[in-house]
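The values are calculated or read from the model by the stated rules, or taken from the named source; none is laboratory data. Remember, predicted model here, so these are calculated numbers, not experimental data. Please note: Cβ atoms are built from the backbone with ideal geometry, for glycine as well, and neighbour counts cover all protein chains shown.
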Amino acid sequence: MTGEDGADQVEKILLGKENRPFIPWAVLFEVYYITKQTRGEKEADRRFVLIKELPASILWQMEEPEVLTAARIKAQFRISFADSIIAATAFRLDAILVHKDPEYECLSGTVKLHSLLS
């Protein structure tokens, strides 16, 4: 979101001409529940709509191989359920997982990562 660390890098990715970014459904899930807990339902609703309006493809479904990949990632690494879904999607698409969550760093070598952490 605007003003957050790494927002300029995310904007560059979203507006770039190279590849259309993908957003797994679990990202919307995480943003919504965390925002609702910290800033209320109105702000969570606003952010949900903003994400859906981004120039990115939202992936609302998962196929069996991706579900199994997520389960294997979850079993092998100490990451959350939603993060395992997001990582499995990046793995399946051979995409770069752009993040601000240090929890993902354990996946280096398994999934391509780009950290927005300073």
Considering only residues that are farther than 18 Å from V67 by Cα, buried (at least 16 other Cβ atoms within 10 Å of the Cβ) and hydrophobic (A, V, I, L, M, F, W, C), which ones fall in the range 18-38? V31
What are the pairs with Cβ atoms under 9 angstrom where one residue, in the range 79-108, is over 17 Å from E66 (Cβ atoms) and touching a residue at least 12 places away in the same chain (Cβ under 8 Å) and the other, located anywhere, is part of a loop (DSSP other than H, G, I, E, B) and aromatic (F, W, Y)? Sequence gap at least six, or different chains. E103/F77; C106/F77
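Within the range 64-82, which residues are touching a helix residue (DSSP H, G or I) at 6+ places or on another chain (Cβ under 6 Å), part of a helix (DSSP H, G or I), under 20 Å from Y33 (Cβ atoms) and not basic (K, R)? Explain how you work it out, then say what you get.
Filtering the range 64-82 down to residues touching a helix residue (DSSP H, G or I) at 6+ places or on another chain (Cβ under 6 Å) leaves 66, 69-70, 73-74, 77, 79, 82.
Still in the list and also part of a helix (DSSP H, G or I): 66, 69-70, 73-74, 82.
Right, trim to under 20 Å from Y33 (Cβ atoms) and you get 70, 74, 82.
Within the range 64-82, A70, A82 meet the criteria.
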Qualifying residue in the range 53-61 (condition: modelled with pLDDT under 95, surrounded by fewer than 12 Cβ atoms within 10 Å (Cβ to Cβ) and assigned to a helix (DSSP H, G or I)): no
Of P65, P55, the only residue that is in contact (Cβ under 8 Å) with a residue 24 or more places away in the chain and in contact with a Leu (Cβ under 6 Å, 6 or more places away or on another chain) is P55
Give me a count of the residues in the range 81-118 that are of a type in the set (S, T, Y), under 12 Å from the mean Cα position of the chain (by Cα) and either more than 20 Å from V31 (Cβ to Cβ) or surrounded by fewer than 18 Cβ atoms within 10 Å (Cβ to Cβ) (or both). 1
